[in-house]
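Coordinate-derived values only; no laboratory data. It should be emphasised that the depicted structure is a prediction, and the values quoted were computed from it without experimental measurement. Glycine gets a Cβ as well: all are built from the backbone with ideal geometry, and neighbour counts include every protein chain shown.
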Amino acid sequence: MVNIILVSHVKEIAEGAKKLAEQMKQGDVEIIAVGGTPDGDIGTDPDAIETAVNEIYKEDGVIILADLGSAIMSVNMVLDWLEEEVREKVVLADAPFVEGAVVAAVEAGMGNKIEEILESIESADMIKKN
Amino acid sequence: MVNIILVSHVKEIAEGAKKLAEQMKQGDVEIIAVGGTPDGDIGTDPDAIETAVNEIYKEDGVIILADLGSAIMSVNMVLDWLEEEVREKVVLADAPFVEGAVVAAVEAGMGNKIEEILESIESADMIKKN
Amino acid sequence: MTEKSKEIINKVADVIIENKKYLTELDSAIGDGDHGINMSKGFNKVKEKLEAKDYESNKELIKTVAMTLISTVGGASGPLYGTAFLNISKIIPDADFDLDSLIEIGESAVAGIQKRGKAEQGEKTMLDTIIPAVNSLKESKENGDNIEEALKQCKAKAEEGMKATIDMQATKGRASYLGKRSIGHQDPGATSSYLIIKTVVDELY
Amino acid sequence: MTEKSKEIINKVADVIIENKKYLTELDSAIGDGDHGINMSKGFNKVKEKLEAKDYESNKELIKTVAMTLISTVGGASGPLYGTAFLNISKIIPDADFDLDSLIEIGESAVAGIQKRGKAEQGEKTMLDTIIPAVNSLKESKENGDNIEEALKQCKAKAEEGMKATIDMQATKGRASYLGKRSIGHQDPGATSSYLIIKTVVDELY
Ligand SMILES: Nc1ncnc2c1ncn2[C@@H]1O[C@H](COP(=O)(O)OP(=O)(O)O)[C@@H](O)[C@H]1O
Ligand SMILES: Nc1ncnc2c1ncn2[C@@H]1O[C@H](COP(=O)(O)OP(=O)(O)O)[C@@H](O)[C@H]1O
Ligand SMILES: [Mg+2]
Ligand SMILES: [Mg+2]
Ligand SMILES: [Mg+2]
Ligand SMILES: [Mg+2]
């Protein structure tokens with residue numbers, strides 16, 4: 001089962017998305033919300049991202065969703081710090097943050113493979129609302 | 001100047017996205033966050049959406065971002081209740097919720113037209129993170 | 001007739017509230033586990049509203065039901081049932097319902113739900129209960145069935161429709177996120193629709 | 001040499017902290033108005049760290065600067081400057097810096113920033129200050145300039161580069177959301193980079 005990390009600039013967004021995603025999840029997918037700077041401002045805390053990866057890393061893989069700017073840069077930096085073996089299985093998805101979190105949680109809960117989940121959440125249809 | 005309404009299932013997501021978007025906004029774009037059910041559960045409150053539209057409707061137009069499911073359905077229902085003249089200028093965007101909120105706020109603040117803003121936030125590139 | 005309608009709505013509300021747990025369980029399997037919570041929130045408020053005031057016409061009564069569901073349900077079923085009842089309120093007569101008016105009521109409900117949800121039959125939604133029920137009324141009319149027979153058939157077809165959702169793959173609503181994995185579970189909205197139709201039918205004949 | 005390096009870093013920190021308001025104002029015009037806040041948060045912590053402990057080598061010192069910025073800055077400039085300093089820490093000598101080592105330091109910084117941010121010169125970022133500064137050192141080497149002359153040139157080119165960002169359209173970072181409207185404003189990151197380079201140069205000669 002794939003685990004999920006949600007990295008937003010804003011703590012409330014990350015935690016809210018976790019709440020929304022967990023409402024739909026089946027099985028025991030783990031979701032960690034990482035949001036804001038260590039001192040509670042809007043921004044990113046790379047150390048918290050690293051801790052999250054270490055905490056929920058699994059052989060099945062980990063999908064990371066990030067909202068924008070420094071969240072993306074910080075995730076990529078942390079990924080570069082990982083050991084090759086771990087690095088290969090942790091993916092920053094090209095997916096919309098909230099919408100992707102929900103669908104990733106559902107599909108991870110169904111036991112879908114990381115590639116299948118990424119195919120779903122990276123689809124351009126993910127942002128269609130009509 | 002175009003105004004913006006953010007409709008999420010979760011209050012924290014809507015308010016967090018407003019916070020993130022307002023950090024970037026120039027000028028006096030108004031952003032209203034609508035999140036959760038009237039009794040504080042996860043879900044949508046159509047009356048709050050209607051109130052928001054009436055509160056910040058402008059001739060320049062209003063962009064609504066919604067996260068998923070009932071938020072989208074409720075927005076469309078409220079839009080159907082509007083007078084023809086207002087209806088034409090209030091648009092539910094096919095855009096990612098958080099990412100779209102930030103870019104819409106920036107572009108609205110720059111005085112971009114509603115069509116220009118929609119073109120930006122409805123682009124498939126909006127979900128690229130790498 | 002408004003007194004009778006009020007009685008029926010109250011009964012529907014009771015049945016939905018009784019089935020809160022069941023509907024929520026169904027929604028936990030293929031959705032976000034709130035359909036029973038949403039619907040009983042809505043119908044509890046409907047009961048309050050009906051209690052608080054006398055209604056002059058079925059139109060006024062059903063419009064209140066619609067607006068109350070819209071304001072309180074919180075899930076997709078809010079706008080869906082809300083728009084269905086809103087549509088019904090526009091055409092519902094105050095006289096005793098004949099088969100024609102029942103058909104018109106059913107068609108208005110379907111039109112409202114489709115306006116909001118853009119689903120067709122076979123997508124594993126409440127429509128899979130309601131459309132067969134309305135079609136059954138229409139067939140009864142063609143066959144010249146009396147109203148009791150028509151209602152009996154209607155209820156049976158609604159139940160069949162509900163059960164048929166078990167084998168369907170959801171392509172609308174949250175359950176569609178599950179793809180093929182949505183197969184094997186009865187749709188919560190199809191179930192609440194059946195409970196509503198069944199209760200109305202049982203009250204009518 | 002580590003004592004001297006510590007002095008330089010402390011001086012850089014002071015200059016950044018002094019310019020907190022200025023950098024934040026620049027970021028308000030084309031970003032989210034936090035660059036000064038971010039950078040002074042980072043460099044305040046750097047000062048604390050340098051205070052708390054003696055460092056055995058420039059390597060160790062600069063690695064501490066890097067990790068501290070990464071942990072505390074919170075904005076894109078955190079990973080960018082953090083990776084720059086991390087790269088520098090890998091090659092920085094303990095001996096007095098000659099022109100070759102200054103060039104190597106500059107190139108490592110650029111490589112680190114580009115690894116993180118994937119930007120080129122001309123995209124209205126900190127690179128528009130740093131790349132011309134490094135290029136200037138390389139030219140000085142070719143021209144056989146002495147180190148003082150090289151550093152003077154380097155500072156001038158950094159300032160030129162910073163100012164050139166005014167007329168650029170941002171195509172990386174948050175400022176890129178503004179499209180053409182980003183033109184006419186000096187980039188905050190290019191400005192903090194200039195402040196850093198200027199301070200280092202002034203301390204070195
Ligand atoms: N597009 C649609 N058209 C018709 N019915 C739908 C549609 N989407 C969802 N539904 C119905 O709504 C039910 C779910 O309602 P509910 O759980 O209250 O809302 P939510 O999905 O927002 O939590 C589904 O079981 C389905 O019958
Ligand atoms: N991809 C990038 N490459 C190089 N520098 C960048 C990049 N993105 C942003 N920057 C620099 O970072 C600065 C903004 O830093 P800061 O305000 O601290 O971060 P944030 O944008 O996350 O709020 C910009 O002025 C720019 O110089
Ligand atoms: Mg539900
Ligand atoms: Mg729900
Ligand atoms: Mg900034
Ligand atoms: Mg920032």
*Subset of the range C:153-205 (residues that are of a type in the set (F, W, Y) and more than 13 Å from ligand 1 (Cβ to nearest atom))*: C:Y205
*Since B:K58 meets every condition but one in (1) more than 16 Å from ligand 6 (Cβ to nearest atom); (2) buried (at least 20 other Cβ atoms within 10 Å of the Cβ); (3) over 28 Å from C:Y81 (Cβ atoms); (4) of a type in the set (D, E, K, R), which condition does it not meet?*
(2)
*Could you pull out the residue among B:I32, B:I42 that is of a type in the set (V, I, T) and out of contact with any His (no Cβ under 6 Å at 6 or more places or on another chain)?*
B:I32
*Tell me which residues, restricted to the range D:163-173, are crowded, with 24+ Cβ neighbours inside 10 Å and in a helix (DSSP H, G or I).*
D:T165
*Which one of the conditions (1) over 30 Å from C:D98 (Cα atoms); (2) without any contact (Cβ under 8 Å) to a residue 60 or more places away in the chain; (3) hydroxyl-bearing (S, T, Y) does C:S182 fail to meet, given that it meets all the rest?*
(2)
*the range A:114-130 residues that are free of Cβ contacts under 8 Å to residues at least 12 places away in the same chain, paired with ones that are part of a loop (DSSP other than H, G, I, E, B) and of a type in the set (A, V, I, L, M, F, W, C) (beta carbon under 9 Å, 6 or more apart)*: A:S123/A:A95; A:K129/B:L68; A:K129/B:A93; A:K129/B:A95
*In the range A:17-55, what residues are more than 16 Å from ligand 6 (Cβ to nearest atom) and out of contact with any strand residue (DSSP E or B) (no Cβ under 7 Å at 6 or more places or on another chain)?*
A:K19, A:L20, A:Q23, A:M24, A:K25, A:Q26, A:G27, A:D28, A:D47, A:E50, A:T51, A:N54
_First in the range A:67-93 and touching a residue at least 24 places away in the same chain (Cβ under 8 Å), second anywhere and among the aromatic types (F, W, Y), Cβ under 8 Å, 6 or more apart_ = A:D67/A:F97; A:V86/A:Y57; A:K89/A:Y57; A:V90/A:Y57
*Could you tell me whether D:I113 is within 16 Å of ligand 2 (Cβ to nearest atom) and not in a loop (DSSP other than H, G, I, E, B)?*
yes
_Looking at D:Y177, D:Y194 in this structure, which one is within 16 Å of ligand 2 (Cβ to nearest atom), among the aromatic types (F, W, Y) and closer than 20 Å to A:G69 by Cβ?_
D:Y177
*Any chance the range C:48-68 includes a residue that's crowded, with 19+ Cβ neighbours inside 10 Å, of a type outside the set (A, V, I, L, M, F, W, C) and within 12 Å of chain B (Cβ to nearest Cβ)?*
yes
*Within the range C:145-169, how many residues are closer than 15 Å to C:T199 by Cα and charged (D, E, K, R)?*
5
*Could you look through the range C:47-75, keep only residues that are hydrophobic (A, V, I, L, M, F, W, C) and without any contact (Cβ under 8 Å) to a residue 40 or more places away in the chain, and pick out the one that is nearest to C:T24 (Cα to Cα)?*
C:V73
*What are the residue pairs meeting all of these: first residue in the range B:23-36, first residue at positive phi, second residue surrounded by fewer than 23 Cβ atoms within 10 Å (Cβ to Cβ) and of a type in the set (D, E), Cβ atoms under 7 Å, and 6 or more apart or on different chains?*
none
